[in-house]
1. Find the accessible area per residue for region 40-183; the probe is 1.4 Å, ligands and nucleic acids are left out, and the unit is Å².
2. Net charge within 14 Å of W129 by Cβ-Cβ distance, Lys/Arg positive one each and Asp/Glu negative one each, not counting W129 itself?
3. Answer rounded, prolate or oblate for region 101-200, using the Cα gyration tensor with square roots of eigenvalues a ≥ b ≥ c: rounded when a/c is under 1.5, else prolate when a/b is larger than b/c, else oblate.
4. Which chymotrypsin sites (Phe, Trp or Tyr not before Pro) from region 153-208 combine a DSSP loop assignment with at most 16 other Cβ atoms within 10 Å?
5. Using packing as a proxy for protection, rank 218-229, 98-109, 37-48 so that the peptide with the highest average count of other Cβ atoms within 10 Å comes first.
6. With +1 assigned to the C-beta of every Lys and Arg and -1 to the C-beta of every Asp and Glu, and no other charges, what is the dipole magnitude of region 124-171 about the Cα centre in debye, to the nearest 20?
7. Compute the separation of the alpha-carbon centres of region 104-166 and region 169-208 and state it in Å as a whole number.
8. With a 10 Å radius around each residue's Cβ, average the other Cβ atoms per peptide and rank 61-67, 140-146, highest first.
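The values are calculated or read from the model by the stated rules, or taken from the named source; none is laboratory data. Computed from a predicted structure; not experimentally measured. Every residue, glycine as well, gets a Cβ built from its backbone with ideal geometry; the counts of neighbours run over all protein chains shown. Remember, those area values only see protein heavy atoms, side chains included, never the ligands or the DNA or RNA. Shrake-Rupley method; radii C 1.70, N 1.55, O 1.52, S 1.80 Å.
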Amino acid sequence: MFLLSVELWLLSFATARAGTFFLTPSADTTLMERFPDNNLGGQEFFNSGTTQNYTTNRGLLKFDLAAQVPANALITGVTLTLDVVKQPVDGFTPSNFALHRMLRDWGEGNQSGNPPVLGAPARFGEANWTHRFALTSEEWAAPGGVAEIDFAAAASGESYIYGLDFSPYTFASTPAMLADAQGWLADPAGNFGWMLLTQDETGNFTARRFASSEDPFRAPLLMVEFTVVPEPSALALFGVGGGLVLLWRLRPLSDLARGRGRK
């Protein structure tokens, strides 16, 4: 029993530990072409897609993985769930929406506005259509952001969005989403989140309103699955301990051999 207990204790150091965390956004907001000076970071929704009047909305969202996921974790799954809470009242066009990794930082802000759908003028450090941080020199490369400067051109994950009837929608785990999340865990300072874009901004009626982190019931949810990789020191301890256990088990055989040799 003693040997079995020692072996199990040593094995616990070398066995990877799996886990799952569910994260809501640490920040989310909207860039609105129609109201380029406004921020909407304090509202219970963010917008993305093209309106019936052919103006563009782009959503931003960020998740603080480093605050919850162990720093030495190997991320094995990343799934995002978004809830559509409103669509154009005069008709809507289904559209493929995609997550694009942000390459530059931005400020969420806390404006809601009156009426709320318009937001309110961005205060210092809050994102809007023209600025990553309003009332500073930190602008987007062009209003709304530019691919390969402000956000990655390649999509990390996609989901086909209809409307309210089929909500919520899932962005299933992809190698690119895994790479994004692993990179944010390794370098929290470089975590600028994703931009949510319709993949057809030229057509109208694709605009959707998505529940934000301020919504207490339908906030975006990022499911992160991971395993914790054993530290090298633990593996070394397992190797040494395993060797000692092996010698302990072989000792009766060597004693028996010596006893036979004396006969």
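1. The answer is 43 Å² per residue.
2. Numbers: positive: R34, R58, R132; negative: E33, D37, E126, E138, E139, D150, E201.
Neighbourhood net charge equals -4.
3. Values: a/c = 1.92, a/b = 1.20, b/c = 1.60.
Judged from the Cα gyration tensor, region 101-200 comes out oblate (a/c at least 1.5, b/c at or above a/b).
4. Details: sites: Y160, Y162, F166, Y169, F171, W184, F192, W194, F205; in loops: Y162, F192, F205.
Hits after loop and neighbour filter: Y162.
5. Ranked by mean Cβ neighbours within 10 Å, highest first: 37-48, 98-109, 218-229.
6. 40 debye
7. 13 Å
8. Top of the packing list down: 61-67, 140-146.
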